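The values are calculated or read from the model by the stated rules, or taken from the named source; none is laboratory data. A quick note: this is a predicted structure, and the numbers were derived from the prediction, not measured. FYI the Cβ positions are ideal-geometry reconstructions off the backbone, even for glycines, and counts take in every protein chain you see. Surface areas here come from the heavy atoms of the whole protein model, side chains and all, with no ligands, DNA or RNA. Shrake-Rupley method; radii C 1.70, N 1.55, O 1.52, S 1.80 Å.
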Amino acid sequence: MINHQELKQQILNEIKELKSEETLTDLWRKYLGKDGIVTNEFKEISNVKPEERKEFGQNLNVLKSEVDTVIENAKMALKDKNLDVYLNQVQSVLVYNKPKIGHIHPLTQTINEMNTILKRIGYSVMDGPEIDTAEYNFERANLPIDHPAMDLQDTIYIEEPNLLLRTQTTAIETHVLEQYEPPFKVVMPGRTYRNEKVTKTNHFVFHQYQLVCIQEKVSMADLLATIEYLFKSFLGEDTVIRFRNKYYPEVEPGVGPDMQCFNCHGEGCAVCKGRGWIEMGGAGIRHPNMLRMAGIDPEKWQGFAFGLGLDRWAMAKHKITDIRTLLGGDLAYKPNVN
Ligand SMILES: [Zn+2]
């Protein structure tokens, strides 16, 4: 089998030696004629492994059309006696490389993968508005407007005091709880905003992954098992998780899953701020107030829910140590700035 790069170079060299149009026709015959070098190469396809045949054929077709174009253009250039100009152009044709077309953003990859994992156990995917009202973002999440937790969430307002950029994906859930009849199991990935100073670990634009499961009966064991299933499916069976008691107004009781730091494996480093563990979100059994406000009878239905910091999941998966790189516009992408 021939080496395509070498062959292109060889043709280029031969074109440089050309004197007349007649010799160009010979050149065409030598490569693309009935018994030409490139033509014969097509017969080699039977010696290629079946799984590589498609690619082999495609590459060969590209080569064939490139050689054809190069010779055809050389003919035109000879006619116009502009061969020198032409040869300068042809260099760039012959070193042609397949353009790199990029890949899906790590955050989108993370969302897609988590959705797939949770769809497997019966969850649907839903979305909601990024601009929302204080009612759906706070009140219906069991955070009364004067609740001290509101001070912790530095909100970016579109129009004070009612219209804001959602501070949490619980805002999507409050819409879902209101709109659908239980039982249901839903996940809600989304972009969220808080008036935060941008650092290595915090950004004013970030992403959360919300989950809610409303059934006639749910238990803490269901919640912990779902979280463990998600962590291990997404980050690997050897992922170490711990749960801590936590207080959140949206749940009762509340729990916070932590993951052992992917960067230092518990030793302590800049990524985990020396703690060895990374907080991955908040979870718990849905507070009856939240169900009641959405028109769901808490005597009949129970639910568990969690909201996870999605950026941290993408960072853990791709070993990214600076959150700013996820949304930065620097083309010289450096995922691990120290
Ligand atoms: Zn660490």
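Selection of segment 14-57 for residues being within 15 Å of Leu78 (Cα to Cα), among the polar types (S, T, N, Q) and in contact (Cβ under 8 Å) with a residue 24 or more places away in the chain yields only Ser20.
Residues satisfying the criterion are absent from segment 91-102 (criterion: assigned to a helix (DSSP H, G or I), more than 19 Å from Gln5 (Cα to Cα) and modelled with pLDDT of 75 or more). Do we find a residue being in contact (Cβ under 8 Å) with a residue 40 or more places away in the chain, under 18 Å from Leu78 (Cα atoms) and in the same structural domain as Val67 (by TED's automatic domain parsing) anywhere in segment 6-13? Yes, there is a match, as at least one residue in segment 6-13 is in contact (Cβ under 8 Å) with a residue 40 or more places away in the chain, under 18 Å from Leu78 (Cα atoms) and in the same structural domain as Val67 (by TED's automatic domain parsing).
Being out of contact with any Gly (no Cβ under 9 Å at 6 or more places or on another chain), among the basic types (Lys, Arg) and closer than 30 Å to Asp322 by Cβ, is that true of even one residue in segment 290-302? No, that holds for no residue. For segment 241-288, taking the residues that are surrounded by 15 or more Cβ atoms within 10 Å (Cβ to Cβ), in a loop (DSSP other than H, G, I, E, B) and aliphatic (A, V, I, L, M), the one that is farthest from the chain's Cα centre (by Cα) is identified as Val271.
Can you name the residue in segment 204-217 that is open to solvent by 20 Å² or more (accessible area, probe 1.4 Å) and at pLDDT 95 or above and, of all such residues, is nearest to Ala314 (Cα to Cα)?
Taking segment 204-217 and keeping what is open to solvent by 20 Å² or more (accessible area, probe 1.4 Å), we get 204, 206, 208, 215-217.
Then keep just the ones that are at pLDDT 95 or above; that gives 208, 215-217.
Numbers: Gln208: 11, Gln215: 30, Glu216: 33, Lys217: 32 Å.
It comes out as Gln208.
Of the strands (runs of 3 or more DSSP E) that lie entirely inside segment 150-207, those containing 2 or more residues that are over 25 Å from the mean Cα position of the chain (by Cα) span 157-159, 163-165. Just so you know, in segment 262-311 the residues that are among the basic types (Lys, Arg) and in contact (Cβ under 8 Å) with a residue 40 or more places away in the chain include one that is nearest to the ligand (Cβ to nearest atom), and it is Lys273. Just one of the numbered conditions (1) touching a residue at least 40 places away in the same chain (Cβ under 8 Å); (2) within 16 Å of the ligand (Cβ to nearest atom) is not true of Lys217: (2).
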